[in-house]
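In what follows, a structure is listed as structure tokens, so that the remarks can point back to it.
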Amino acid sequence: MRSKMPVIILAISAIYVLLLGHQGDLDLYIHPRYILFTRAFALICLAVLVVNTAMSRTEATHKMGLSTLPILMVLLFAVLLPAKSLTSATVSQRVVADQSAASSLFQNSSANIFSNSTKILSVADWAQIIASNPGTEYFTNKTVHVSGFIVDAGLGNDVVWVARFAITCCAVDAQPVGIPVKIVNWRSGHSQDQWVDVKGNFKEMETNKGRQIVLIPDSVKKISEPDNPYAY
Amino acid sequence: MVSRIVAFTKNINLRGILVLSLILLMTAYYRLYIVDAIDASIPNKLQDFITLSLSIFIEAFPFLVLGSLLAAAVNTYVSHEFFHKILPKKPVFRRTAMSFLGFLLPVCECGNVPLSRALMIQGFKPSESVTFLLAAPVINPVTIWSTWAAFSYDGSILIARIAATLLIANIIGFVISLVKNQEQFLTNSFAKVCQTPKSYGGEADASNRFQLRRFSRLFTHEAFAMISMLALGAMIAGTIQTFVPRDILVGIGSNVILAIVAMLLLAFVVSICATVDAFFALSFANTFTAGSLVSFMVFGPMIDIKMLTLMKTTFKTNILLVISAFSLIQSFITGIIFTYAF
């Protein structure tokens, strides 16, 4: 059995990736454009390992020392724990001073921004618009309908961020993008990392970081984390 | 017909297949039916560490598989003389030609390490292999395309990335080539493999069956050698990304020298694949100088936590330190030149 550990470790890695793909959770870790490629090579890896197992009766013994500890740990995390997206803890690690830098990641947002209906604009789209400073008049009578998770960004006055992570390659390059939303007594009805669906209109108001465009909601509905929680 | 089936199954390790299938079925059952019922109340930071580490691991995994497949294929099906025939004989031209091998073998840097090992087993010198290893992640159609897609507003960034990578890779290869006994830079276990290449992967029989067995065995060997290092690199990068505030690096982005230093540090830590790092760098385009972004995109594909742990399977620490130092200094100089010249 010991001599088969390399095959087992590689096979578990491959099957883990395939199962994530089957369950639709690969996009919690990597950009959707890489999903097909990742699944294909996980399958090829498994196929070659099966061939190796079938054709090898004796295998050169691999030394199973401390060097295998990292992969065993990664596989333990991977296999035993449910797949999860990033949380608000990473928001505080990565808030960039200039939101427009993070929101410049998007490749589809320009089409949305020039759309006639602002209802379809996402958190990421609005973050980009706000960062571009179009002037307060732009936001008058604009209907907003966005979803994201709550982050206490220290804005005070019951103003929180409703945010998502934007990724270009995988979760490792995720940058948080969000818009300020006023939810009165938010702590009594919600918690940080809670996903919400918000409808409302923008208004300029005072926060701990000066006067800002803030979304004043008509409704705030709790939702579960969507299957695809990131922005691209 | 029956005797054929019996003869076929006699040669198959059915017990091994059954054991492997059982393990995989148990894993699949657990993931499909049990894991989501677990209420794992893990603190957010620890959860994010796990997510980030797994993200790097999963992102790099297909490239590692692709590289190991190519390495196994090169060692099984490409004759010893092929690359020696197509590449120039003179060392300086040979290394330059090897800088462009990435066009034939466009694999992420994770995949280039098993390939470079395969080349050395086939008789290439460490200096030539290192030149390939440092240049190939950038000098390939995928990376060039992605860099252009990200920085199409400034073509000089792409040109600088390509030129600097070619220059640095060949300079470092040249420096290593000055040493007579280059095999001293290889780990003991890998040096032994290079000395007896024909025994690597088992018997060298020309029949299809034995070639397939050799190919699958070589693939397993290479992929396993890489995957542990990949996991280590992923966890180190995940740790730093989770527990070291990135705004410490970003806060100094406005200073020309400090911006380059910060981006070089980030390149080392983030360990992102060269084929996609341009998009990551793009997110800092409004905060950091263009020169620092070029340094990031030159240094990162050559040396980062993940690459160092992968290269450690093949090269000794002393030569890795030399390669890292040369790459770092020359990438820094590249950033300075780009900042003031463009």
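Residue by residue, here is whether (1) of a type in the set (S, T, N, Q); (2) modelled with pLDDT under 85; (3) more than 30 Å from residue B:238 (Cβ to Cβ) holds:
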{"residue": "B:74", "(1), (2), (3)": "no, yes, yes"}
{"residue": "B:85", "(1), (2), (3)": "no, yes, yes"}
{"residue": "B:89", "(1), (2), (3)": "no, no, yes"}
{"residue": "B:97", "(1), (2), (3)": "no, no, yes"}
{"residue": "B:108", "(1), (2), (3)": "no, yes, no"}
{"residue": "B:115", "(1), (2), (3)": "no, yes, no"}
{"residue": "B:121", "(1), (2), (3)": "no, no, yes"}
{"residue": "B:124", "(1), (2), (3)": "no, no, yes"}
{"residue": "B:156", "(1), (2), (3)": "yes, no, yes"}
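Kindly indicate whether residue A:156 is open to solvent by less than 30 Å² (accessible area, probe 1.4 Å) and free of Cβ contacts under 8 Å to residues at least 12 places away in the same chain.
no
Check off (1) open to solvent by 20 Å² or more (accessible area, probe 1.4 Å); (2) over 23 Å from residue B:338 (Cα atoms); (3) touching a Lys or Arg at 6+ places or on another chain (Cβ under 8 Å) for residue B:183 and give me the number that stays unchecked.
(3)
So, in the stretch B:252-272, of the ones that are open to solvent by 60 Å² or more (accessible area, probe 1.4 Å) and touching a helix residue (DSSP H, G or I) at 6+ places or on another chain (Cβ under 7 Å), which residue ends up farthest from residue B:54 (Cα to Cα)?
Looking at residues that are open to solvent by 60 Å² or more (accessible area, probe 1.4 Å) and touching a helix residue (DSSP H, G or I) at 6+ places or on another chain (Cβ under 7 Å), I get B:252.
So, in the stretch B:38-58, how many residues would count as being under 20 Å from residue B:235 (Cβ atoms) and either open to solvent by 10 Å² or more (accessible area, probe 1.4 Å) or over 19 Å from the mean Cα position of the chain (by Cα) (or both)?
11
Please determine, by comparing only the residues of the stretch B:20-29 that are facing another protein chain (nearest Cβ under 7 Å) and not polar (S, T, N, Q), which one is nearest to residue A:54 (Cα to Cα).
B:20
Find the residue count for the stretch B:117-171, including only residues that are outside any helix (DSSP H, G or I) and in contact with a Lys or Arg (Cβ under 8 Å, 6 or more places away or on another chain).
Selection size over the stretch B:117-171: 1.
If you go through the stretch B:306-318, how many residues are within 15 Å of residue B:133 (Cα to Cα) and either away from chain A (no Cβ under 14 Å) or open to solvent by less than 10 Å² (accessible area, probe 1.4 Å) (or both)?
Here the count works out to 6.
Looking at (1) surrounded by fewer than 24 Cβ atoms within 10 Å (Cβ to Cβ); (2) at pLDDT 75 or above, find the lone condition where residue B:282 falls short.
(2)
Looking at the stretch B:60-73, which of the residues that are open to solvent by less than 10 Å² (accessible area, probe 1.4 Å) and touching a residue at least 40 places away in the same chain (Cβ under 8 Å) is farthest from the other protein chains (Cβ to nearest Cβ)?
B:71
Looking only at the stretch B:98-116, count how many residues are assigned to a helix (DSSP H, G or I) and open to solvent by 30 Å² or more (accessible area, probe 1.4 Å).
1
Give the residue, chosen from A:43, A:18, that is over 20 Å from residue B:213 (Cα atoms), touching a helix residue (DSSP H, G or I) at 6+ places or on another chain (Cβ under 7 Å), more than 8 Å from chain B (Cβ to nearest Cβ) and at pLDDT 90 or above.
Result of the check over A:43, A:18: A:18.
Can you give me the number of residues within the stretch A:193-213 that are more than 26 Å from residue A:85 (Cα to Cα), in a strand (DSSP E or B) and in contact with a strand residue (DSSP E or B) (Cβ under 9 Å, 6 or more places away or on another chain)?
So the count comes out to 11.
Which one is farthest from residue B:56 (Cα to Cα), of the residues in the stretch B:211-228 that are at the interface with chain A (Cβ under 7 Å from one of its Cβ atoms) and open to solvent by less than 10 Å² (accessible area, probe 1.4 Å)?
Residue satisfying both the conditions and the ranking: B:216.
What is the one condition in (1) modelled with pLDDT under 80; (2) within 25 Å of the chain's Cα centre (by Cα); (3) open to solvent by 30 Å² or more (accessible area, probe 1.4 Å) that residue B:245 does not satisfy?
Among (1) modelled with pLDDT under 80; (2) within 25 Å of the chain's Cα centre (by Cα); (3) open to solvent by 30 Å² or more (accessible area, probe 1.4 Å), the lone unmet condition for residue B:245 is (2).
The values are calculated or read from the model by the stated rules, or taken from the named source; none is laboratory data. Bear in mind that the values here come from a model prediction, so they are computed numbers and not experimental data. Virtual Cβ from ideal backbone geometry, glycine too; neighbours counted across all protein chains shown. The area values use the complete protein model at the heavy-atom level, side chains included, leaving out ligands, DNA and RNA. Shrake-Rupley method; radii C 1.70, N 1.55, O 1.52, S 1.80 Å.
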